[in-house]
């Protein structure tokens, strides 16, 4: 029989048990570390299996579904890595690699979302049941309390008391926040009941002994768990032992505190080991989180707009791959951020490779367009390379070469070939031109010597020769002059002036029509140009020269006319200067008229 004075000690024991229990439930929630055997199913078979499981009870399949999910993404990762390896073997580079879309993943995500909703509903239902259980247990405690308060009829209530105990134990799940308070009150009322219960000593001692044996067994189990290296498993088992301890009735008063202290000591060892384990795990997770955030930020900081070449993209790709390898070597972050970090990392990497693929495609498209443009220029150069219209073709070739320089690069495998083709056509033309030009220059030098010889003959003409004979010789020399071809361009005007000066001297002396003879001489020259190669080009060039001469003479005449206003014609010297200027002005007018006639003559032959 337990006396009422024992109640304070029992309260102390219950309070101590409450403390250790409160310590247990305040620890961080343990991570599920189920060591599941690797599933050998394919991704399609995994999806099919998940589809079968989602309709089954959540509690019975949740571990298998988690395992299947992990195996699915492990398989997917391995497939992508294998595809990347093959791509690299085939191309020698992974820069353009893009994984094939995963058609099964959306189906899997849909199934997992369905299961997630079922799981949430189950938890909601369980919480509702726990609240209902809490109300039932509180109601039972009130009944037990009433029994303990009826001390006069305590023996009569023994059977009722046992039934209430059984009913209390059969109700299991309640909200975690209420567990300690429930068991504290239960133990208090039970101990109070036994203290008040006036039953025979043998029955009480029998219950105490039975409870002692059970609690000693629990103590031994707890002490064995304290030596277990698997602190997570030990902690889980300890919770079960505490549940069993609570369900066992009291022991003899003199043994209660020592027995409880023994169990409490073993529990404390396990709890501390468990706490240390998760503190270390948390520190590692925080370190891993910081390392993963740093990698994400490093990739996000890449200015992809500054990557303007294949080599720049390739160098940055090496950095990304190195960061991916570093990521693989980092352990898990905390569960609440680990998935989000991985999604951030994957999204950032995907965006980089997407931008790279777009850049490569854009540049390759530009190179293809550049290749077509350069091929077109090759065709133009090849069409012109055999032309003998040296002036126009040279201008066209130079224009083509300038246009070539404005076109961007082409792919390496075409670059040398298209350049060789283009430069071959250009070189061929200019080599032919140089050969022709060298030949023409030699002929022009010979013509220059011949024309100088004609001028020397004109200058050496004997003034004592009979006029008729002299006129005939001058005309012969003029015909000889007209038969001689072109001279070097830079010598043309100089030699022509010397020739005209020699002719003018004889025209004046022999009373020959200077203008008519000069025009006749030019007519022969025009006819010679009109019948030569590149006639149009030569005539146009001569016309341009005459137009320049016309403008030059016109400007000189304008100068004389302007200077006329400054002369003092009243003086003797002024009158002489006026006559000289009028003579020069008339000569310039005659020269302009002759040039105009020459231009008309060229126009008739164009």
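The values are calculated or read from the model by the stated rules, or taken from the named source; none is laboratory data. Computed from a prediction, not measured in an experiment: that's the story for all the values here. Note that we place each Cβ from the backbone using ideal geometry, even for glycine, and neighbour counts take in every protein chain shown.
Residue-wise test of (1) under 15 Å from residue 187 (Cβ atoms); (2) in contact (Cβ under 8 Å) with a residue 12 or more places away in the chain.
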residue: 217; (1), (2): no, no
residue: 220; (1), (2): no, no
residue: 230; (1), (2): no, no
residue: 234; (1), (2): no, yes
residue: 243; (1), (2): yes, no
residue: 249; (1), (2): yes, yes
residue: 259; (1), (2): yes, yes
residue: 270; (1), (2): no, yes
residue: 275; (1), (2): no, yes
- Message: Residues to consider are 34, 39; find the one that is modelled with pLDDT under 85, surrounded by 13 or more Cβ atoms within 10 Å (Cβ to Cβ) and more than 36 Å from the chain's Cα centre (by Cα).
- Response: 39
- Item | Top-ranked residue in segment 460-477 [being without any contact (Cβ under 8 Å) to a residue 40 or more places away in the chain and part of a loop (DSSP other than H, G, I, E, B); ranked as nearest to residue 523 (Cα to Cα)] | 460
- Message: Only one of 172, 148 is surrounded by 14 or more Cβ atoms within 10 Å (Cβ to Cβ) and either outside any helix (DSSP H, G or I) or in contact (Cβ under 8 Å) with a residue 12 or more places away in the chain (or both). Can you tell me which?
- Response: 148
- Considering every residue within segment 249-256, establish whether at least one is surrounded by fewer than 17 Cβ atoms within 10 Å (Cβ to Cβ) and in a helix (DSSP H, G or I). yes
- Task: Assess whether residue 122 counts as being closer than 30 Å to residue 76 by Cβ, within 60 Å of the chain's Cα centre (by Cα) and surrounded by 15 or more Cβ atoms within 10 Å (Cβ to Cβ).
- Result: no
- Query: residue 509 passes all but one of (1) touching a helix residue (DSSP H, G or I) at 6+ places or on another chain (Cβ under 7 Å); (2) under 30 Å from residue 596 (Cα atoms); (3) touching a residue at least 40 places away in the same chain (Cβ under 8 Å); which number fails?
  - Reply: (1)
- Task: Identify all residues within segment 231-241 that are buried (at least 21 other Cβ atoms within 10 Å of the Cβ) and closer than 25 Å to residue 166 by Cα; write none if there are none.
- Result: 238
- Does residue 357 count as surrounded by 15 or more Cβ atoms within 10 Å (Cβ to Cβ) and modelled with pLDDT of 90 or more? yes
- Task: Confirm whether residue 523 is under 60 Å from the mean Cα position of the chain (by Cα) and touching a residue at least 40 places away in the same chain (Cβ under 8 Å).
- Result: no
- Message: Quick check on this structure: which one of 127, 143 is in a helix (DSSP H, G or I) and loosely packed, with under 13 Cβ neighbours inside 10 Å?
- Response: 127
- Any residue at all in segment 497-504 that is assigned to a helix (DSSP H, G or I), more than 60 Å from the chain's Cα centre (by Cα), assigned by TED's automatic domain parsing to the domain that holds residue 589 and modelled with pLDDT of 70 or more? no
- Which one is farthest from residue 121 (Cα to Cα), of the residues in segment 54-85 that are touching a residue at least 60 places away in the same chain (Cβ under 8 Å) and surrounded by 14 or more Cβ atoms within 10 Å (Cβ to Cβ)? 54
- Task: Filter segment 565-582 down to the residues that are farther than 20 Å from residue 593 by Cβ and modelled with pLDDT of 70 or more, then identify the one that is farthest from the chain's Cα centre (by Cα).
- Result: 576
- Given 196, 188, which one is under 19 Å from residue 149 (Cα atoms) and either in contact with a strand residue (DSSP E or B) (Cβ under 9 Å, 6 or more places away or on another chain) or at pLDDT below 85 (or both)? 196
- Query: Residue check, residue 101 against (1) under 60 Å from the mean Cα position of the chain (by Cα); (2) surrounded by 11 or more Cβ atoms within 10 Å (Cβ to Cβ), all met but one. Which one?
  - Reply: (2)
- Query: Is it fair to say residue 395 is within 30 Å of residue 286 (Cβ to Cβ), modelled with pLDDT of 90 or more and assigned to a helix (DSSP H, G or I)?
  - Reply: no
- Message: Step by step: first the residues of segment 288-323, then only those that are outside any helix (DSSP H, G or I) and touching a residue at least 12 places away in the same chain (Cβ under 8 Å), then the one that is surrounded by the fewest Cβ atoms within 10 Å (Cβ to Cβ). Which residue is that?
- Response: 302
- Note on the structure: Those residues of segment 398-418 that are more than 30 Å from residue 537 (Cα to Cα), assigned to a helix (DSSP H, G or I) and touching a helix residue (DSSP H, G or I) at 6+ places or on another chain (Cβ under 8 Å) come to a total of 2
- Query: Checking residue 285 against (1) under 14 Å from residue 333 (Cβ atoms); (2) surrounded by fewer than 14 Cβ atoms within 10 Å (Cβ to Cβ), which test does it fail?
  - Reply: (2)
- Do you know which residues across segment 68-99 are in a helix (DSSP H, G or I) and touching a helix residue (DSSP H, G or I) at 6+ places or on another chain (Cβ under 7 Å)? 68, 69, 71, 72, 75, 76
